[in-house]
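Asks: To start, I am sharing the structure in question, which I have written as structure tokens.
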Amino acid sequence: MMLPAGFGGMVLPDRILYILGRLEDAGFEAYVVGGCVRDALAGRAVHDYDICTAARPDEVRSALAGCDIRDTGLKHGTVTLVLDHEPFEITTFRVDGTYSDGRRPDSVTFTDSVTRDLARRDFTVNAMAYHPARGLVDPFGGADDLRAGIIRCVGEPAERFGEDALRILRGMRFASRFGFRVEEKTALAMHALRQSLSNVAAERVRAELEGTLIGGGAADVLREYTDVLTVVIPEIAPCVGFDQLNPVHPYDVWEHTLHAVDAIDPEPVLRWTMLLHDLGKPPCFSPEGAGLRGHFLGHGLVSARMADVICERLRFPRALTGEIHALIERHDTAVGKEDADVRRLLRDIGVTQARRLVKVYIADIAAQSPDWAEPRLSRMRSLGRRIDEIAARGDCFELGTLAVDGGDLIAIGVPPGPAVGQTLRALLERVIDEPALNDRDTLLALAGEKP
């Protein structure tokens, strides 16, 4: 096949050329395949290379004799070659059997045809292979779809998603990441087969959703596939179309959420926070008067607790769950105007989280009515500057930077045990209010004062 216009061939790293060369010298066709070809065609940086070959696993071992080859997926024809501590997967051309578990084929049949191997892959843009001498192998029009910005299943969409339902979320992720549109038949199948996602492992769901969330087209994709999203996060469903009955909020809860996602940096903790930050609004809704205005008192804490349940279900790392909870719980709570108020915020959640919280405030406001936004945005930007100034100044807001420690207190007669911690915390509170008190002699004098 002729290469697409502007594609002069991939520049493959020496290690990849070495692997391809060893396999070819042994008489076996070999190609780089999948995402690395897609990204090279699109002019993006390539970081990972997968190799497919006509050689069976034992033939790969023979062709690469003397190299460090590890069995990582023999059932599916995959071995891993380690060169200078860097792993490279090498997979035999194959045709997949049935997928009874909706994830992996029950059996595979090896083949000598790269085209038959490409036919088993998910989307056309991922079903391309390349060899520096033979050029691009693209039997399903992946290069044309890449140029047109289209996500299209290889073959029949229902079959591809029936083999592995996670491909539905992968389609969403690629659309969000690349700003592509999903081809009509593929999109219809994604909607029609969405319930099959309930059988997919939680960790796999989380990874694909996170990839969608941090993409540049996250809000548009989530809006288009809300019905798919609510299969794996059903707590979102009550937010869809929920009128907030408040002049500050021109959008329903779900549309506000999407605008807030779009308004914040594509950092996982921030995007997850905005996706989940208002889940508690429907259960916390209370009408005022004749029901012409709505309020959501306490929805920050309720949303945070709902987010905890979702994070546990989707097997989030514990640290990430805690960061999301802290940001959601505080997203509708104002920080006081005094520097001591800011220092207490820093005491409670630290500098990194405090800076994130400012971004959450700003994104939340940006997703509200512009008629009310500017003064509040100005206050949030000012809060961000105050956090930076206090951190740069080195103000004390945590026990680790207090000028005394437990040993100092015991030395002046504070009894070991709970009294030491209580005294240190009391001294920290004094220092947060008056930073100039953070002097060893001053603090010891204060600690020695009788109540």
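Asks: Go over the candidates 65, 55 one by one and state the one that is surrounded by 21 or more Cβ atoms within 10 Å (Cβ to Cβ) and assigned to a loop (DSSP other than H, G, I, E, B).
Replies: Numbers: 65 fails: surrounded by 21 or more Cβ atoms within 10 Å (Cβ to Cβ).
Result: 55 is the single residue among 65, 55 that is surrounded by 21 or more Cβ atoms within 10 Å (Cβ to Cβ) and assigned to a loop (DSSP other than H, G, I, E, B).
Asks: Okay, moving on. Test residue 195 against the criterion of being outside any helix (DSSP H, G or I) and either open to solvent by less than 10 Å² (accessible area, probe 1.4 Å) or at pLDDT 95 or above (or both), and give yes or no.
Replies: On the way: outside any helix (DSSP H, G or I): no; either open to solvent by less than 10 Å² (accessible area, probe 1.4 Å) or at pLDDT 95 or above (or both): yes.
No.
For every residue, the table says whether it meets (1) modelled with pLDDT of 95 or more; (2) in contact with a strand residue (DSSP E or B) (Cβ under 6 Å, 6 or more places away or on another chain); (3) surrounded by fewer than 23 Cβ atoms within 10 Å (Cβ to Cβ); (4) of a type in the set (Lys, Arg).
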residue: 98; (1), (2), (3), (4): no, no, yes, no
residue: 126; (1), (2), (3), (4): yes, no, yes, no
residue: 141; (1), (2), (3), (4): yes, no, yes, no
residue: 149; (1), (2), (3), (4): yes, no, yes, no
residue: 169; (1), (2), (3), (4): yes, no, no, no
residue: 183; (1), (2), (3), (4): yes, yes, yes, no
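Asks: Considering region 48-72 alone, what residues qualify as being out of contact with any Asp or Glu (no Cβ under 8 Å at 6 or more places or on another chain) and either under 30 Å from residue 171 (Cα atoms) or among the acidic types (Asp, Glu) (or both)?
Replies: Scanning region 48-72 gives 48, 49, 58, 59, 68, 71.
Asks: Pairs under 6 Å by beta carbon, first residue acidic (Asp, Glu) in region 430-451, partner modelled with pLDDT of 95 or more and in a helix (DSSP H, G or I), six or more apart or different chains?
Replies: 433/340
Asks: Does residue 213 meet the test of being of a type outside the set (Asp, Glu), surrounded by 18 or more Cβ atoms within 10 Å (Cβ to Cβ) and either more than 13 Å from the chain's Cα centre (by Cα) or farther than 21 Å from residue 306 by Cβ (or both)?
Replies: Working: of a type outside the set (Asp, Glu): yes; surrounded by 18 or more Cβ atoms within 10 Å (Cβ to Cβ): yes; either more than 13 Å from the chain's Cα centre (by Cα) or farther than 21 Å from residue 306 by Cβ (or both): no.
So residue 213 does not fit the description; no.
Asks: Testing residue 352 on (1) surrounded by 15 or more Cβ atoms within 10 Å (Cβ to Cβ); (2) assigned to a helix (DSSP H, G or I), one condition comes back false. Which one is that?
Replies: (1)
Asks: Related question: Quick check: anything in region 321-336 basic (Lys, Arg), under 29 Å from residue 231 (Cα atoms) and not in a loop (DSSP other than H, G, I, E, B)? Let's see the steps before the verdict.
Replies: Let us first name the residues in region 321-336 that are basic (Lys, Arg), namely 330.
Still in the running and under 29 Å from residue 231 (Cα atoms): 330.
Next cut, not in a loop (DSSP other than H, G, I, E, B) only: 330.
Yes: region 321-336 contains one or more residues that are basic (Lys, Arg), under 29 Å from residue 231 (Cα atoms) and not in a loop (DSSP other than H, G, I, E, B).
Asks: Follow-up. Tell me, please, whether a residue that is within 16 Å of residue 257 (Cα to Cα) and in contact (Cβ under 8 Å) with a residue 24 or more places away in the chain can be found in region 333-345. Spell out the reasoning first.
Replies: Residues of region 333-345 that are within 16 Å of residue 257 (Cα to Cα), as a first pass: none.
For region 333-345, residues within 16 Å of residue 257 (Cα to Cα) and in contact (Cβ under 8 Å) with a residue 24 or more places away in the chain: absent.
Asks: Can you go through 258, 297 and tell me which one is out of contact with any Gly (no Cβ under 7 Å at 6 or more places or on another chain) and closer than 23 Å to residue 379 by Cβ? Quick ask: steps written out before the conclusion?
Replies: Numbers: 258 fails: closer than 23 Å to residue 379 by Cβ.
Sole residue among the options that is out of contact with any Gly (no Cβ under 7 Å at 6 or more places or on another chain) and closer than 23 Å to residue 379 by Cβ: 297.
Asks: A further question follows. Given (1) crowded, with 16+ Cβ neighbours inside 10 Å; (2) in a helix (DSSP H, G or I); (3) free of Cβ contacts under 8 Å to residues at least 60 places away in the same chain, where does residue 75 come up short, assuming only one miss?
Replies: Status for residue 75: all satisfied but (1).
Asks: Looking for something of a type outside the set (S, T, N, Q), in a loop (DSSP other than H, G, I, E, B), touching a helix residue (DSSP H, G or I) at 6+ places or on another chain (Cβ under 6 Å) and modelled with pLDDT of 90 or more - is there at least one such residue anywhere in region 281-294?
Replies: To start, the set of residues in region 281-294 that are of a type outside the set (S, T, N, Q) comprises 281-285, 287-294.
Restricting the remaining residues to those that are in a loop (DSSP other than H, G, I, E, B) gives 285, 289-292.
In the following step, the residues that additionally are touching a helix residue (DSSP H, G or I) at 6+ places or on another chain (Cβ under 6 Å) were identified as none.
No; the residues of region 281-294 include none that is of a type outside the set (S, T, N, Q), in a loop (DSSP other than H, G, I, E, B), touching a helix residue (DSSP H, G or I) at 6+ places or on another chain (Cβ under 6 Å) and modelled with pLDDT of 90 or more.
Asks: Spot the failing condition for residue 174; the list is (1) part of a loop (DSSP other than H, G, I, E, B); (2) buried (at least 18 other Cβ atoms within 10 Å of the Cβ), and only one is missed.
Replies: The number of the failed condition is (1).
Asks: Could I ask something else about it? Within region 399-451, can you find the residues that are open to solvent by 50 Å² or more (accessible area, probe 1.4 Å) and of a type in the set (A, V, I, L, M)?
Replies: 399, 410, 411, 412, 426, 436, 445
Asks: Would a scan of region 357-372 turn up a residue that is open to solvent by 50 Å² or more (accessible area, probe 1.4 Å), small (Gly, Ala, Ser), assigned to a helix (DSSP H, G or I) and over 20 Å from residue 238 (Cα atoms)?
Replies: Yes, some residue in region 357-372 is open to solvent by 50 Å² or more (accessible area, probe 1.4 Å), small (Gly, Ala, Ser), assigned to a helix (DSSP H, G or I) and over 20 Å from residue 238 (Cα atoms).
Asks: Quick one: residue 410 ticks every box in (1) over 15 Å from residue 443 (Cα atoms); (2) assigned to a helix (DSSP H, G or I) bar one, so which box is it?
Replies: So the condition that residue 410 fails would be (1).
Asks: OK, next. Contact list please: Cβ distance under 7 Å, first residue in region 188-211 and on the phi < 0 side of the Ramachandran plot, second residue open to solvent by 50 Å² or more (accessible area, probe 1.4 Å) and charged (D, E, K, R), pairs at least six apart or on different chains.
Replies: 202/313; 202/315; 203/315; 206/315; 208/170; 211/177
Asks: State which residue pairs qualify: first residue acidic (Asp, Glu) and inside region 21-43, second residue in a strand (DSSP E or B) in any location, beta carbons under 8 Å apart, and separation of 6 or more residues or different chains.
Replies: 24/30; 29/53; 29/131
The values are calculated or read from the model by the stated rules, or taken from the named source; none is laboratory data. What you are looking at is a predicted structure, and each value in this text was computed from that prediction instead of being measured. No Cβ is skipped: glycine too gets one built from the backbone with ideal geometry, and neighbour counts run over all protein chains shown. Accessible surface is based on the protein model in full, side chains and every heavy atom, while ligands, DNA and RNA are left aside. Shrake-Rupley method; radii C 1.70, N 1.55, O 1.52, S 1.80 Å.
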